[in-house]
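All remarks here apply to the structure that follows.
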Amino acid sequence: MRNALGLMLASVVAAVVIAAGGWFYYSSRADQAAPKTVAARAADQLPAPAKLAARDDVETTATVAAKPAAAPAPAPAMPVQPRQACANPNALGVSRVVEIDTTGGPGFGFEHFKQFDFLTEKEVVLTFDDGPWPVNTPTVLKALADECTKGLFFSVGKHATYHPEILKQVLAQGHTVGTHTWSHVNLNSKKLTEQQVKDEVEKGFSAVRFALGTNPAPFFRFPQLQHNPAMVAYFGTRNVAMFSTEIDSFDFRKGATPEKIVETVMTRLDKLGKGIILMHDFQKNTGLAMPTLLARLKAGGYKVVQMKAKTTFQTLPEYDEALMKDMKVPTASTTTRPIASVVQTVSQ
């Protein structure tokens, strides 16, 4: 009996020990597996340093994507203003722009120069002499702007120094600016020496350059269309194109009303079919005639051609300096600089 009881007690103790050992074994396996599970989750989320590096890689790659998102358009730079679309849907406009290589001093306008017949039927070039001048030149500019068309202006040097702000407007509105001597003298006058004739021309170019703040086009028209043979040859060495005309408006004559100017131009133009038109932005009635004249050109099927130069004219330093002395402008030994390169607004 005592042996049987002992045997039963030993069996119970053995069962308890086995159960406790099993519990300890599985509990230990579970504890060992836990770090592996945590490590796997950490790999999904990445430790902080690795996660930062991955984000940087994605951002760098995104900037060179094959199809990047459209960036907002940048504001236009101040020095280069985009050309505005014409507000007049029925404007005369400009049919084409021609660039002139002035090497050797070519001449244009069949009244004196017959070599370069570049205009086709129904094409005209609008040219204006003797400006700039208050009221009159701005009136011409407004008429041209209203029709979104362009002209070629031959400025008198003295007038350019009187009203540089007006001549700057001419250039700013996209027109071509040439010259017309310093004081509008007849270069064939016997009262002038060869040196005085040269001075009139070169000083005129320097004056227009001074007024514009930049070099003008190498385009020139002789006052009164009096072509001095020596200067014609000289322009060949200076690579300056010379301009005459086919159609003279005679707007400088007494009794040249706006109506008369229009009829003079259109009668001659309808006969020739094309040509360079000579007018004067110095004359009041020319500006008043321009809206009607441009309307008549458009109604008649005429097209405006704008002439530009391939290069600009390089003035001679001695004439630039002489001009400064004549105008009594205090200057240093260096050449004049544009206002924008000296004075700039940095805060407003």
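Please report the relative contact order for the range 203-348, taking Cα pairs under 8 Å with a sequence separation of at least 6, and give it as a percent rounded to a whole number.
Once normalised by length, the contact order is 30 percent.
Just read off the accessible area of Arg209 with the full protein assembly in place, 1.4 Å probe, to the nearest 10 Å².
Using a 1.4 Å probe on the heavy atoms, I get roughly 60 Å².
Report, in debye and to the nearest 20, how large the dipole of the range 175-280 comes out about its Cα centre when Lys and Arg carry +1 and Asp and Glu carry -1 on their Cβ.
Computed charge dipole of the range 175-280: roughly 140 debye.
Contour minus end-to-end for Thr214 and Phe250, with contour as 0.36 nm per residue of separation and end-to-end as the Cα-Cα distance? Working shown, then result.
On the way: separation 36, 0.36 × 36 = 12.96 nm, distance 3.13 nm.
Full-extension gain reported as 9.8 nm.
To the nearest 0.05, how large is the calculated FRET efficiency for Val346 and Arg96 if R₀ is 51 Å and r is the Cβ-Cβ distance? Intermediate results must be reported in sequence, preceding the final value.
Numbers: r = 42 Å, r/R0 = 0.82.
With a Förster radius of 51 Å, E is 0.75.
For a 25 Å ceiling on Cα separation, which of these pairs sit above it: Lys254/Lys303; Lys260/Lys284; Lys191/Lys328; Lys114/Lys308?
Too far apart for the 25 Å limit: Lys254/Lys303; Lys191/Lys328.
What distance in nm lies between label points placed 7 Å from Cα along the C-beta direction at Asn88 and Lys122?
1.9
For the range 83-188, give the magnitude of the charge dipole about the Cα centre (Cβ charges: +1 Lys/Arg, -1 Asp/Glu; no others), in debye to the nearest 20.
Charge dipole of the range 83-188: 260 debye, to the nearest 20.
Of Thr245, Thr257, Thr311, Thr161, which has the most accessible area with a 1.4 Å probe, and how do the rest follow in descending order?
The most accessible residue leads, giving Thr311, Thr257, Thr161, Thr245.
Under a crude label model (7 Å from the Cα following the beta-carbon direction), how far is Lys325 from Gln169 in nanometres?
Placing both labels 7 Å beyond Cα along the Cβ direction yields 3.4 nm.
On a full-extension model of 0.36 nm per residue, what is the gain between Leu316 and Ala295, subtracting their alpha-carbon distance, rounded to one decimal in nm?
The Leu316-Ala295 span can extend by a further 3.4 nm.
Heavy atoms only, probe 1.4 angstrom, no DNA, RNA or ligands counted: give me Leu272, Leu126, Leu192 ranked by accessible area, highest first. Display every interim value, and only then the final one.
Working: Leu272 70, Leu126 0, Leu192 50 Å².
Greatest to least solvent exposure: Leu272, Leu192, Leu126.
I'd like to check one number: the per residue accessible area of the range 87-152, probe 1.4 Å, reported in Å² as a whole number.
Counting only protein heavy atoms, the per-residue value for the range 87-152 is 46 Å².
The values are calculated or read from the model by the stated rules, or taken from the named source; none is laboratory data. Computed from a predicted model, the values in this text were never measured in an experiment. Here Cβ is always computed from backbone atoms with ideal geometry, including for glycine, and neighbour counts include all displayed protein chains. To get the accessible areas, we keep the full protein, side chains included, count just its heavy atoms, and leave off ligands, DNA and RNA. Shrake-Rupley method; radii C 1.70, N 1.55, O 1.52, S 1.80 Å.
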